[in-house]
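Working notes, structure below.
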Amino acid sequence: MITNTITFSAGLLIYSLFVVFGVSSQGEANAISSTVGAGGNGTDWDKFTPQNVTINIGESVTWTNPMQVAEPHTVTFVKDNEMIPPLVAPFSVPNNTELISAIPAPNVEPTIIPDNSNPNNKLVIVDNHRASAPVAVDSPKTNVTHLPLNSNYTFTGEESYVNSGWMWPMGQVPPGAPPITSFTMTFENPGTYYYICVIHPWMSGTVTVN
């Protein structure tokens, strides 16, 4: 009788874990708080795993980069193609602008090209902060919110753009780079939301909120 009770209790516990955590064999995750790998090792280096996540309103998803090498990825929700950011962008400055390196490295030089639209200016090619840093842009595309590193962002679904910033594997952040290793979003409204990695735009995933 005692053995039967223990067996029944263990079976009930396993069943409860499957109900709560939604274990699936179809490459999808269902959980109160889901974790997704951004990148991986071997042939999974350019995949989100699992690619498709299903959660309920008010639940969250956390992305981390599990790679064994220093390859960054982003988690980027883009409402329309116009908001896909270039990784670098040209900025026009007067020709007499002097650019001085802020790091004591002997082998650095800015990328400068002529500004054909204005002979008094030159173009300096710089990192696009919108692509490399955590940021959210509202639906009218007028208000920009710069998020903290390793942000926990509450997503309404109305935003035109939300970006994690460049996420690195734990312990693999290059010197001087922002130490971003995770990104968490809590979803307030139902729908299916698509996202990409802006560094490797063929990487894509979905979050379905019931």
*Which of the lysines could a cross-linker bridge to residue 79, judged by Cα under 16 Å and excluding same-chain residues fewer than eight apart?*
141
*asked:* Run the reach check for residue 122 against aspartates and glutamates, Cα to Cα strictly under 20 Å, same-chain hits fewer than 8 apart removed. What comes back?
replied: 98, 109
_For the stretch 88-127, I need the span (max minus min coordinate) of the C-alpha atoms along each principal axis, in Å, sorted largest to smallest._
33, 22, 12
_By average C-beta atoms within 10 angstrom, highest first, the peptides 60-72, 82-94, 143-155_ = 60-72, 143-155, 82-94
*Cα to Cα, under 16 Å, and not fewer than 8 places away if on the same chain: which aspartates and glutamates meet these conditions relative to residue 47?*
28, 71
*Tell me which residues come under 5 Å, amide H to amide H, from residue 204 once H is placed; ignore anything under 5 positions away on its chain.*
48
*Relative contact order of the stretch 88-127: what whole-number percent is it, with Cα pairs under 8 angstrom and at least 6 residues apart?*
56 percent
*Search the structure for amide H atoms under 5 Å from the amide H of residue 51, placed 1.01 Å from N in the peptide plane, and list their residues when 5 or more places away or on another chain.*
none
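Taken together, the values in this text are just the output of simple stated rules run on the coordinates, not laboratory data. As the structure is a prediction and not an experimental result, all values here were calculated from the model. Cβ sites come from the backbone with ideal geometry, for glycine too, and all protein chains shown count toward neighbours.
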